[in-house]
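S.K.: Handing you a structure now.
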Amino acid sequence: MGRVSQAQAQENRARVVATASRLFREHGTGVSVADLMQAAGLTQGGFYKQFASKEALVEEAAAHAFTELTARRTEGLREHEGRPDAARQALVDHYLTPRHRDDAGGGCPVAALAADMARDPGEAARGVYTEGVREFADWLADDEQDGLARLATLVGGLLLARATEGSELSDEILRAAHAALSDGS
């Protein structure tokens, strides 16, 4: 098999990063390189041509996930032009739903990657994660409520709802966290 073009190599790398971002959010960063490359539709041998290490991929995949999160927040601001409180409430309304609970792979990287980042993901990956958490918390803040408290309620509620999925308690947790963060609370 011949060499791939530079454009194809860049496309392959982007596909691996996007696939890793989704799989790491779904299953954690312990996903094997072989499984990751298979899911991306590429051979395992190509991994080390693209990435210095799995740790480097974790860093890029986390950055990719936070870029997606930022894009969703920006879209929300456009939808609620001039009304940042409405955009924040729309995010809360989406975040604390069974749909988001059940879509870890496409969901929030703060919640999905928290356990892996609490271990030793590498300094660079933890830095990306920490910056993403800070930016999300800053976006959630307003004159009346601290963004870190809001973020902790969002993420804590989502994590507990995921951990109790399949029980009535899961939906109760989502409703309770939503009530705590909703307008008029």
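S.K.: If you check ALA39 against the conditions, is it touching a helix residue (DSSP H, G or I) at 6+ places or on another chain (Cβ under 7 Å), within 22 Å of THR130 (Cβ to Cβ) and modelled with pLDDT of 95 or more?
M.R.: Criteria not met by ALA39.
S.K.: Let me ask something else. Could you check the stretch 10-34 and list, in sequence order, the residues that are buried (at least 17 other Cβ atoms within 10 Å of the Cβ), of a type in the set (S, T, N, Q) and part of a helix (DSSP H, G or I)?
M.R.: ASN12, THR19, SER21
S.K.: Please give the helices (runs of 4 or more DSSP H) falling wholly within the stretch 74-185 in which 3 or more residues are open to solvent by 50 Å² or more (accessible area, probe 1.4 Å) and either touching a strand residue (DSSP E or B) at 6+ places or on another chain (Cβ under 9 Å) or of a type in the set (A, V, I, L, M, F, W, C) (or both).
M.R.: The qualifying helices (runs of 4 or more DSSP H) are 147-163, 168-181.
S.K.: Counting only residues that are open to solvent by less than 70 Å² (accessible area, probe 1.4 Å) and in contact (Cβ under 8 Å) with a residue 60 or more places away in the chain, which one in the stretch 35-64 is nearest to ALA125 (Cα to Cα)? Working first, answer last.
M.R.: Restricting attention to the stretch 35-64, the residues satisfying the condition of being open to solvent by less than 70 Å² (accessible area, probe 1.4 Å) are 36-37, 39-42, 45-47, 50-51, 53-54, 56-64.
Going one step further and asking which of them are in contact (Cβ under 8 Å) with a residue 60 or more places away in the chain, we end up with 56, 58-59, 62-63.
Numbers: ALA56: 8, VAL58: 6, GLU59: 4, ALA62: 7, ALA63: 8 Å.
Top of the filtered list is GLU59.
S.K.: Could I ask something else about it? Among (1) out of contact with any Pro (no Cβ under 6 Å at 6 or more places or on another chain); (2) buried (at least 20 other Cβ atoms within 10 Å of the Cβ); (3) more than 23 Å from ARG175 (Cβ to Cβ), there is one condition THR67 misses while meeting the rest; what is its number?
M.R.: Failing condition for THR67: (2).
S.K.: I would also like to ask the following. Suppose we filter GLU81, GLU59, GLU26 for residues that are over 22 Å from ASP103 (Cβ atoms) and at pLDDT 95 or above; which single one remains?
M.R.: So the residue among GLU81, GLU59, GLU26 that is over 22 Å from ASP103 (Cβ atoms) and at pLDDT 95 or above is GLU59.
S.K.: Follow-up. List every residue pair whose Cβ atoms lie under 8 Å apart, where the two residues are 6 or more positions apart in sequence or sit on different chains, the first residue falls within the stretch 1-27 and is free of Cβ contacts under 8 Å to residues at least 40 places away in the same chain and over 18 Å from LEU69 (Cα atoms), and the second residue, located anywhere, is part of a helix (DSSP H, G or I) and open to solvent by 30 Å² or more (accessible area, probe 1.4 Å).
M.R.: ASN12/GLN50; ARG13/GLN50
The values are calculated or read from the model by the stated rules, or taken from the named source; none is laboratory data. Just so you know, these numbers come straight off a predicted model, no measurement behind them. Heads up, the Cβs are rebuilt from the backbone with ideal geometry, glycines too, and the neighbour counts pull from every protein chain shown. For the accessible areas, the whole protein counts, side chains as well, though only heavy atoms, and no ligand, DNA or RNA atoms are used. Shrake-Rupley method; radii C 1.70, N 1.55, O 1.52, S 1.80 Å.
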